[in-house]
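Visitor: Following this message is one structure expressed as structure tokens.
We did not get these values from a lab; they are worked out from the coordinates using the rules stated. As the structure is a computational prediction, the values presented were derived from the model and not from experiment. Using ideal geometry, Cβ is built from the backbone for each residue, glycine included, and neighbour counts are taken over all protein chains shown.
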Amino acid sequence: MASIPLLRLSLPLHHRQHSGPTALLLPHPLKHTLISPPSLRQAPRKTTTTKCTYTPTPATDRLISAAAYFLPLFNGLQYGRFLFAQYPILAAPFQPLFPLLSLYHSVPSASFVTFFGLYLGVVKNPNLSRYVRFNALQALVLDVLLVLPVLVQRIFTPGRSGIALKLTAWAYSGLFMFVVACFVYGLVSSVLGKTPYLPLVAEAAGRQLD
């Protein structure tokens, strides 16, 4: 059975001359090389990119939201009679709406039916988006505010002339301009797919949906 020869590492000539105990104390040329462990090595930084997604409002949601704001406008045009009588030119932008307004008032209880139709069919409909329900509820709250001046007028019944009539004209004219401004703001925002926040109305509508 053949014996396996032992492998011996031969030292260079100048190392052989120091074959004493001190030869073992000679530093190894590789001992001064520092190698960092893999765990301490800095890993390459990963760059993360954030993608902003924009979901446009569907056309049906915009259409329903925009149509809801016609309810307070139709019920609020009556408060502009003092302005129309004093400045007839202000009635020109509303001329295209007068045929629809006549048809609207020709239907018995049209305002009552439209109000509860929006409330039960849109606001309380869980199948519709919050965007549509919020806009419809804003229109309904604005329509409710239009009833208050009528109640005040019936209670106090101001005369046909004097300061009471002037105060009524100013109050009605201011309310009319407020309704028109809310209508334009709500209509344009709904067409663009943005959420309008009507003053004195948005907070009440938001609490009803939360």
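Visitor: In angstroms, what radius of gyration and Dmax does the stretch 64-154 have, counting Cα atoms only?
Guide: According to the Cα coordinates of the stretch 64-154, Rg and Dmax are 14.6, 47 Å.
Visitor: Could you tally the net charge around V122, taking each other residue with its Cβ under 11 Å from the Cβ of V122, Lys/Arg +1 and Asp/Glu -1?
Guide: So the surrounding residues net to +1.
Visitor: In debye, nearest 20: dipole of the stretch 59-209 around its Cα centre with unit charges on the Cβ of K, R (+) and D, E (-)?
Guide: Dipole of the stretch 59-209, to the nearest 20 debye: 120 debye.
Visitor: Neighbour counts of other C-beta atoms within 10 Å: give me F98, F84, F183, F74 arranged from fewest to most.
Guide: Lowest to highest Cβ neighbour count: F98, F84, F74, F183.
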